[in-house]
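S.K.: Structure below; questions to follow.
Nothing in this text is a laboratory measurement; each read-out follows from the coordinates by a stated rule. Owing to the predicted nature of the structure, the values given are computational and were not obtained by experimental measurement. Heads up, the Cβs are rebuilt from the backbone with ideal geometry, glycines too, and the neighbour counts pull from every protein chain shown.
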Amino acid sequence: MKNIAVIGCGAAGMMAAIAASECGASVTIFEKNGKPGKKIYITGKGRCNVTNACDISEYFDKIPHGAKFLYSSLYGYDNNKVCELLESNGCKLKTERGDRVFPVSDHSSDIISTLVKILKKKGVEIRYQDEVTWIQTDSEGKVKAVVSSDSGITDVDAVIVCTGGLSYPSTGSTGTGHKIARELGHKVTKMTPSLVPFETKEEWVKELQGLSLKNVEIRLEQIPCGDAAKPKKKKYVYEGFGEMLFTHFGVSGPLILTSSCYYEEADKKGNPYSYQIHLDLKPALTQEQLDKRLQREFDVSRNRQFKNSLNGLFPSKLIPVMIELSGIDPEKQLNSITKAERLGFVSLIKDVRMTVTGLRGFNEAIITRGGIATSEINPSTMESKKVKGLYFAGEVIDVDAQTGGFNLQIAWSTGHLAGECAAEES
């Protein structure tokens, strides 16, 4: 019987332990926190967006970084198998808008308790408040033991590192796994926050703090700077429809978080990028249709002042900002507004622009972009190409996806593959 150590009792770690134990291995999870699944507990605003129910083939368009690397793991243990595991062990699930899957109870704690119940049934030992700080290898460079803060040296045949990234460090994601990987000769790519709000330049954005907009469209424009700056056709790295939120520092909400997946600080030569958000407040209407609507409304209320004519178009909090951005005198009567002013207002509604000054930090990031280089991991097994018996799974790896349950599915899939292969391979 193989002895396997799993470092981290999050989504990837628990799934790795379940898979390895099902293959007959003796499994011990080392968890530095006092309880399991701390990050699972806060995902989906405490409801836990377990996975996404779309066809697994659609996942790869939702994964900006590392899609090809994940083919074997995602097809090997897909979203249907995750749902089957949870439901067969008493945790009922439901599918909501956007194919997002949640527990029927809306409590992430039910996902955690179900997984812990499975682990106990499989005979997996969980050592809480016991942090692995070092992995020992033998003279041939193969894993032979883990060194932890509480248990000391534990002999093992394989180790699966599932320590997460750097996002939400209060959950225990503080880079321990990356440190261990570096010490064993692995490359760790630059890590930045992802699925995270944007900070913006314009002061009027902060005036809208707390305002949520639904059914809007945004485009994130990437603008080359420095030596790479040349007049080019606009490049939109993300376009999406949905909901966004104004904050005291900039913008957030589902649309913004997803668009942040496509934020790159610089190109491969180090030339920096800047970014501009283009917000379409009325995406269901073309410019021509919107103009005709404005003409009708202006004709009906032709003697009304401009500032009093916009209640049907925007939330009240947004009206003074739109008036200011339009440059039209708020006291002006509608019958005095020129065609040029009206068309300019139409263009503004279809393209409100905000300048991105940066990302918020890891404390607010749902996931981490970057991590252990996928080029140094076998995608068919999740085993290190450098150290025999060393496996990686979940957010510790340089892969990330959009919101909607895709990142948790990556954790389940890579964890399962790593556990299975660690238990089976000689």
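S.K.: In the set [x] 1.20; [y] 0.97; [z] 1.08, which value of Rg/Rh (Cα atoms, Kirkwood Rh) was calculated from the structure you see?
M.R.: Evaluating Rg/Rh (Cα atoms, Kirkwood Rh) on these atoms matches [z].
S.K.: Per 0.36 nm of contour for each residue apart, how much would the distance between K339 and N303 grow if the chain were fully extended, relative to their Cα-Cα spacing?
M.R.: Gain on extension, K339 to N303, equals 11.3 nm.
S.K.: Pairs of alpha-carbon atoms within less than 8 angstrom and 6+ residues apart define the contacts here; what relative contact order does region 296-351 have, in percent?
M.R.: Relative contact order for region 296-351 comes out at 42 percent.
S.K.: Using amide H atoms built in the peptide plane, which far-off residues or other-chain residues are under 5 Å from G164 H to H?
M.R.: Under 5 Å from the amide H of G164 lie the amide H atoms of E395, V396, each far enough along the sequence or on another chain.
S.K.: What's the ranking of 338-344, 315-321, 368-374, 130-136 by average number of surrounding C-beta atoms within 10 Å, highest first?
M.R.: 368-374, 130-136, 315-321, 338-344
S.K.: Still on this structure, please answer the following. Could the peptides 1-8, 402-409, 268-275, 24-31 be put in order, highest first, of the mean number of other beta-carbon atoms found within 10 Å of their residues?
M.R.: Sorting 1-8, 402-409, 268-275, 24-31 by mean packing, highest first, produces 402-409, 1-8, 24-31, 268-275.
S.K.: Of the listed pairs K120/K386; K39/K187; K62/K142; K62/K201; K190/K317; K187/K269, which have alpha-carbon separations greater than 31 Å here?
M.R.: Distance filter (> 31 Å) returns K120/K386; K62/K142; K190/K317.
S.K.: Can you grab the distance from the C-alpha centre of region 188-261 to the C-alpha centre of region 75-110, Å, no decimals?
M.R.: First find each Cα centre; the distance between them is then 30 Å.
S.K.: Applying a 10 Å radius around every beta-carbon, put 68-76, 202-210, 381-389 in order of their mean neighbour count, most first.
M.R.: 381-389, 68-76, 202-210
S.K.: I want to make sure I understand the PRE zone here: with the label point 7 angstrom from the Cα of E84 toward its beta carbon, which residues in region 17-35 have backbone N atoms less than 20 Å away?
M.R.: Answer for this model: 17-24.
S.K.: Along Cα→Cβ, 7 Å out, is where each label goes; now give me the distance between the ones at E424 and D61 in nm to one decimal.
M.R.: 3.1 nm
S.K.: Still on this model: Suppose only helical runs count, i.e. DSSP H with n ≥ 4. What mean residue ellipticity at 222 nm does that imply for the chain under -39500 (n - 2.57) per run, divided by all residues and rounded to the nearest 500 deg cm²/dmol?
M.R.: -8000 deg cm²/dmol
S.K.: On to the next question. When only C-alpha pairs under 8 Å and at least 6 residues apart count, what is the relative contact order of the chain, in percent?
M.R.: Relative contact order here is 26 percent.
S.K.: For the charge dipole of the chain, defined by +1 on Lys and Arg C-beta atoms and -1 on Asp and Glu C-beta atoms about the Cα centroid, which residue among G415, P315, Y71 has the Cα displaced farthest towards the positive pole?
M.R.: Value computed over the given set: P315.
S.K.: On a straight-distance basis, which aspartates and glutamates could pair with K81 in a cross-link, Cα separation under 19 angstrom, same-chain partners fewer than 8 positions away excluded?
M.R.: Those aspartates and glutamates meeting the cut-off are E22, D55, E58, E96, D99, D110, E420.
S.K.: Further question: What does the C-alpha gyration tensor say about the overall shape of region 374-426? Classify as rounded when a/c is under 1.5, otherwise prolate if a/b is larger than b/c, or oblate.
M.R.: Since a/c reaches 1.5 but b/c is at least a/b, the shape of region 374-426 is classed as oblate.
S.K.: A further question follows. Please turn the phi angles of region 17-31 into ³J(HN,Hα) values with the Karplus equation 6.51 cos²θ - 1.76 cosθ + 1.60 (θ = phi - 60°), one per residue in order, whole Hz, x for glycine and proline.
M.R.: 5, 4, 5, 5, 5, 5, 8, x, 7, 8, 10, 10, 9, 9, 10
S.K.: Right, something else. Could you please report the charge total around G177, scoring K, R as +1 and D, E as -1 over all other residues with beta-carbon less than 14 angstrom from its beta-carbon?
M.R.: Spelling it out: positives minus negatives among the neighbours equals -1.
S.K.: Now for a separate question. Counting DSSP beta bridges with both partners in the chain, what percentage is antiparallel, nearest 5?
M.R.: 75 percent
S.K.: Related question: Under 5 Å between amide H atoms, partner at least 5 residues away or on a different chain: which partners does K144 have, H built in plane at 1.01 Å?
M.R.: The answer is Q136, T137, D138.
S.K.: Given contacts defined as C-alpha pairs under 8 Å and at least six residues apart, what's the relative contact order of region 323-426, whole-number percent?
M.R.: Once divided by the residue count of region 323-426, the mean separation gives 20 percent.
S.K.: Taking only Cα atoms, what is the 0 to 90° angle, nearest 10, from helix 108-121's long axis to the longest principal axis of the chain?
M.R.: The angle comes out at about 10 degrees.
S.K.: Please compare each pair in K307/K332; K206/K339; K235/K268; K292/K350; K234/K350; K206/K233 to a cut-off of 19 Å on the Cα-Cα distance and tell me which ones are over it.
M.R.: Pairs exceeding 19 Å: K206/K339; K206/K233.
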